[in-house]
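*Asks:* Provided herewith is a single structure, encoded as structure tokens, for subsequent inquiry.
The values are calculated or read from the model by the stated rules, or taken from the named source; none is laboratory data. All values reported here derive from a predicted model rather than from experimental measurement. Every residue, glycine among them, receives a Cβ derived from its backbone with ideal geometry; neighbour counts consider all protein chains shown. Remember, those area values only see protein heavy atoms, side chains included, never the ligands or the DNA or RNA. Shrake-Rupley method; radii C 1.70, N 1.55, O 1.52, S 1.80 Å.
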2 protein chains.
Amino acid sequence: MAPTLYQPVEDLETPALLVDIDAMERNIEEYAAVADENDVTLRSHIKTHKNAELAALEDEMTDGGGICCQTLGEVETMARNGIDDIYLSYQVVGERKLDRFCWLSQKVEKLATTVDSAATIDLLQDAAQAHEITADVILEVDVGLHRTGVAPGPEAVALAERIDEAANLSFDGILAYESHVKAEAETESEFDELCWEAMELGEDVVDDIEAAGIPVDEVKVGGTATSRYSGKHPVVTEINPGMYPFNDVGELELRPWEVSKDDCAATIVTTVISVPDDDRLVVDGGSKTFSLDKPQMPVPKNRDDIEYANASEEHGWIDTSNSDESFAVGDRLEFIVPHVCTTINLHDLIIGVRDDQVEELWEVQARGKVR
Amino acid sequence: MAPTLYQPVEDLETPALLVDIDAMERNIEEYAAVADENDVTLRSHIKTHKNAELAALEDEMTDGGGICCQTLGEVETMARNGIDDIYLSYQVVGERKLDRFCWLSQKVEKLATTVDSAATIDLLQDAAQAHEITADVILEVDVGLHRTGVAPGPEAVALAERIDEAANLSFDGILAYESHVKAEAETESEFDELCWEAMELGEDVVDDIEAAGIPVDEVKVGGTATSRYSGKHPVVTEINPGMYPFNDVGELELRPWEVSKDDCAATIVTTVISVPDDDRLVVDGGSKTFSLDKPQMPVPKNRDDIEYANASEEHGWIDTSNSDESFAVGDRLEFIVPHVCTTINLHDLIIGVRDDQVEELWEVQARGKVR
């Protein structure tokens, strides 16, 4: 049956996606303090939870920096639920999508989008002209991830000039997403050093564009792991983390000096459905419950004597060979999610829990909104 | 905008999950013929597509063998959409779920479930008694996967007797899921040999249970890769494949002698959003569009000069270093999905395509129904 408010957690049918509200609030407060200390705006990325109430809560708890979305479908969902300051950190490509973007930008107080090529600039200019709007534009610059983004140097300046000259576009600044550092840094000082290096590249781009007579108001950076480091650089104006209210096994493994199990607010409670032998049991949470798009596996929340060893779609194989406990069909086991963004996207509902009771029910409103 | 019938595929917003209806129908016909040849019932597993219309189509095209579900939520979705012969190949654990199961079993003509322990048998008997029903029960036997299932031998016989003696349970037979063969076999003859070995174990269990005076009506086996081999064994009465109408990169790599790119009916059409340099482009399909729970990556549908190299949530990095073609923002690229079951579960809609036009729109009705 559907979960209800005030229901004891122990009565919930499983598998169920829980968020520990106390831990989530502590995490949001921590990042608000980091942003404050670094004198940058915190604009939360809602691709992680895809829910407008949580987006509004983050916005409120982090001094109203607005929110960030990754798809136009997410923007629509947030806009129709009352969020009025949105940055789409993604290129809008395709005639229908450009139409949708232009329409949406008239529906909210502030909506900016992202370009990284002459093609994306020209297509956006044409659409904005046809819709008689001025579109706010951020230029994505590649500071090391080598995904999207224009390389620093003359080409970046040329694109900034192209935006500046476009009659229906307003150049707001740059996005310098530094997520490559996650693959390269292993210690706190390496995070610090590599994020600073990436921001030095960003600063060069800003200097070049401003030397061409175009002011760069915004320098936006990601993400939960890196932005608390890159945000220290004076060129940065805004950080866009998404996972920080929740954390996950990926963050736990990446930054053990900052993230403990207690900081991981998003878990899934499962039920043992089979105990075939002393070394193995099976729970009702597999790859349709925990997203396994990263190498990490679910990690038990309050214990370390068992290991989530393997998954099929609705089965989780648990290795109990190192445990002294006897397990029975019906026992419940709770696991920290491996990758919180893609895991929440598998569920209809995030169940907010405090003092072992359901306190909030957040629908994953923009679930599956990949268009 | 939402896809509509008769829309040209080239006008669809991306990323979009397509199914080539001609290929899908050929695949279903092929498995119907395999089942026919082996004189087994084909009961399709709907966990792959989670849609009642496709379930009904498979049932009709494969001589009405009924369908198979993996969660109670899937059973509910299928039952309320008119499917009346369902086998739940999963253990029902928890008081509320047992209540739901018993209620559902009165709503459809035939509903069987799965047990593999004294605990699951006793709990089901108690619930069936309380609801004054007789529950149809399949005993899961571990023939090599080492996931759920009782080991062959005296314990399996003891559980069959326990079911037989339970006043409100009816013993229908065994499930002998042989999916371990996928990890062990590399050639057609190895599939043949290892599936046969697994079925010999299954036959031993049948002999033992029948020697105890309990008839074993059903011997059910999985899955798309193995059941065309295991189904040859005379002990098998029913095969339960799920992926066979669609195939995917996993099946393509596993059984190249049977599955070609043309047999892969499920694809995702994406749009190029960025072409940062000659060796790389980025499309609008990442890990929230293609499930990456297995090692396989998406494979280009109609070409082999480019490679899907890496993914983030909404970005696919494409390596174009071996291609002579020049790509531009706005180009469309189509990819075969790596794992079709978990990928469909990421989408709201399966877009059925014939002759480059949208012919069917199938809602993923039981999406996310993990409970």
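*Asks:* As a test of the definition: with a 1.4 Å probe, what buried accessible area, both sides summed, do you compute for A against B, in Å² to the nearest 100?
*Replies:* Approximately 5200 Å² gets buried when A meets B.
*Asks:* Give the accessible surface of region B:261-363 per residue, rounded to a whole number of Å², with probe radius 1.4 Å and ligands, DNA and RNA excluded.
*Replies:* Accessible area per residue: 36 Å².
*Asks:* Take every DSSP beta bridge whose two residues both sit in the protein assembly as shown, then give the antiparallel share in percent to the nearest 5.
*Replies:* Numbers: 58 of 118 bridges.
Bridges in the protein assembly as shown are about 50 percent antiparallel.
*Asks:* Farthest toward the dipole's positive end in chain A, which of A:Met243, A:Val205, A:Gln91, given Cβ charges of +1 (Lys, Arg) and -1 (Asp, Glu) about the Cα centre?
*Replies:* Value: A:Gln91.
*Asks:* Among bridges DSSP assigns within chain B, what percent are antiparallel (round to 5)? Please list the in-between numbers first.
*Replies:* Numbers: 29 of 59 bridges.
Of the beta bridges lying entirely in chain B, close to 50 percent run antiparallel.
*Asks:* To the nearest 20 debye, what is the magnitude of the charge dipole of chain A about its Cα centre, counting +1 on the Cβ of each Lys and Arg and -1 on the Cβ of each Asp and Glu?
*Replies:* In total the dipole reaches around 1400 debye.
*Asks:* Would you mind checking B:Lys261/B:Lys288; A:Lys97/A:Lys220; B:Lys107/B:Lys294; A:Lys369/B:Lys50 for any pair whose Cα atoms are more than 28 angstrom apart? Intermediate values should be presented prior to the final figure.
*Replies:* Numbers: B:Lys261/B:Lys288 23 Å; A:Lys97/A:Lys220 23 Å; B:Lys107/B:Lys294 37 Å; A:Lys369/B:Lys50 18 Å.
Exceeds cut-off: B:Lys107/B:Lys294.
*Asks:* Give me the dipole magnitude in Debye, nearest 20, for region B:261-363 about the Cα centre, with unit charges on the beta carbon: positive for Lys and Arg, negative for Asp and Glu. Walk me through the numbers before you get to the answer.
*Replies:* Working: 8 positive and 23 negative charges, 59 e Å.
The dipole magnitude comes to about 280 debye.
*Asks:* What residues have an amide H closer than 5 Å to that of A:Ser274, excluding those fewer than 5 places away on the same chain, when H is modeled at 1.01 Å from N in the peptide plane?
*Replies:* A:Val282
*Asks:* Run the numbers on region B:353-371: which residues show a drop of 50 Å² or more in accessible area, chain on its own versus all protein chains together, using a 1.4 Å probe over heavy atoms?
*Replies:* So the qualifying set is B:Arg367, B:Val370, B:Arg371.
*Asks:* Now for a separate question. Restricting to DSSP H runs of at least four residues, report the calculated mean residue ellipticity at 222 nm for chain A, -39500 (n - 2.57) per run over all residues, nearest 500 deg cm²/dmol.
*Replies:* Value at 222 nm, helices only, nearest 500: -9000 deg cm²/dmol.
*Asks:* Quick test of the membrane-span-like rule: which DSSP H helices of chain B reach at least 20 Å along their long axis (C-alpha atoms) with mean Kyte hydropathy at least -1.0?
*Replies:* Taking the DSSP H segments of chain B (at least 20 Å long, mean hydropathy at least -1.0), we get B:21-37, B:188-211.
*Asks:* Summarise the accessible area of region B:23-246 (1.4 Å probe, protein heavy atoms) by the percent that is carbon and sulfur.
*Replies:* Answer for region B:23-246 is 42 percent, counting heavy atoms of protein chains only.
*Asks:* Of the accessible area of region A:261-363, with the probe set at 1.4 angstrom, what percent is carbon plus sulfur? Numbers along the way, then the final one.
*Replies:* Working: 1330 of 3710 Å².
In region A:261-363, the share of accessible area belonging to carbon and sulfur is 36 percent.
*Asks:* Which loop trypsin sites (Lys or Arg not before Pro) in region B:1-95, with loop taken from DSSP, have no more than 16 other Cβ atoms within 10 angstrom of their Cβ?
*Replies:* B:Arg80
*Asks:* Would you kindly find the accessible area of A:Val364, with a 1.4 Å probe and non-protein molecules such as ligands, DNA and RNA excluded, rounding to the nearest 10 Å²?
*Replies:* Near enough 10 Å² of accessible area.
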